[in-house]
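J.: Provided herewith is a single structure, encoded as structure tokens, for subsequent inquiry.
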Amino acid sequence: MGYVSAVPVPQPRAQAATAPDATGSRRSLAAGLFLGAVGATVVLLASGQTWAEGKAAVGGGTLPLTADGQDVTGLPAALAIVGLAALVAVFAVRSAGRLLVAGLLALSGLGAGLSAYLGASDSAALDEKAAQTTGDASATIDALSHTAWPYVTAAGGLLILIAGLLALRYGKLWPTMSGRYERDGTPRPRKAPRTAPDPDRPEDLWKALDRGEDPTH
């Protein structure tokens, strides 16, 4: 006569399926943090470099002028700061809040990249400098040229955008910052209350003295 075992049989396929998910979560988390931080750093640094150069006619000669990214547009740097804040906030919220913050991160990167790309051919900033320098409101820039820094800034915005897309796709698998709970959501064990030393145990009295406590209480 046969017997049917009540012990559940392990399902290796189900266990094996969770391993790729955990690996993908760790990889996407590392990639998102790296790309977001590097992208924001690149935008902030590149937007402070010279984007455009030219010469303004002054008297009988010319005066060389330059314009950095902040002169052309301050939008990429501002959006990079927003992106950094969103990158940190992704780990402080859950569910729908995480999706909203991840979307903000992606939009920050998109806006920073587009504004930098559009500013790559801008001449208004140098024209304004020429007018201020010469005192002639109709003065313009001659021999206008642009550097590669606007495109470097746009590339940094693209990195922030990719970090936002990773957060949108895999953010639900990423851990949440918490001081009371571990990553699996279970409460952290509390420390056992300190008991009074046992007078019959000399080692307890010595430990109490080492901690600066009164062993008689």
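What follows draws every value from the coordinates through simple rules; no lab data is involved. What you see is a predicted model, and the numbers here were worked out from it, not measured in a lab. Note that we place each Cβ from the backbone using ideal geometry, even for glycine, and neighbour counts take in every protein chain shown.
J.: For region 81-120, report the translational diffusion coefficient in µm²/s to the nearest whole number, using Stokes-Einstein at 10 °C, 1.306 mPa s, and a Kirkwood Rh over Cα pairs. Please report the intermediate quantities before stating the final value.
T.: Working: Rh = 10.5 Å.
The diffusion coefficient I find is 151 µm²/s.
J.: Using θ = phi - 60° and the Karplus form 6.51 cos²θ - 1.76 cosθ + 1.60, what ³J(HN,Hα) does each residue of region 94-103 get, whole Hz, x for Gly and Pro?
T.: 3J(HN,Hα) across region 94-103, in whole Hz: 9, 6, 5, x, 5, 5, 5, 5, 5, x.
J.: Tell me the label-point distance for the pair Gln132, Gln49, using the 7 Å Cα-to-Cβ offset, in nm and rounded to one decimal.
T.: With each label point 7 Å from Cα toward Cβ, the separation is 2.3 nm.
J.: Let me check I've understood the local charge: for Pro150, count other residues with C-beta under 11 angstrom from its C-beta, Lys and Arg +1, Asp and Glu -1. What total comes out?
T.: So the environment of Pro150 carries a net charge of -2.
J.: Another one. Across region 132-145, in residue order, what do the Karplus-derived ³J(HN,Hα) couplings come to in whole Hz, using 6.51 cos²θ - 1.76 cosθ + 1.60 with θ = phi - 60° and x for Gly and Pro?
T.: 5, 6, 8, x, 10, 5, 9, 5, 10, 9, 10, 6, 6, 9
J.: For Leu65, which sequence-distant residues (separation of 5 or more, or a different chain) have an amide H within less than 5 Å of its own amide H, given hydrogens modelled in the peptide plane?
T.: When sequence neighbours closer than 5 places are left aside, the close amide H contacts are Gly54, Lys55, Ala56.
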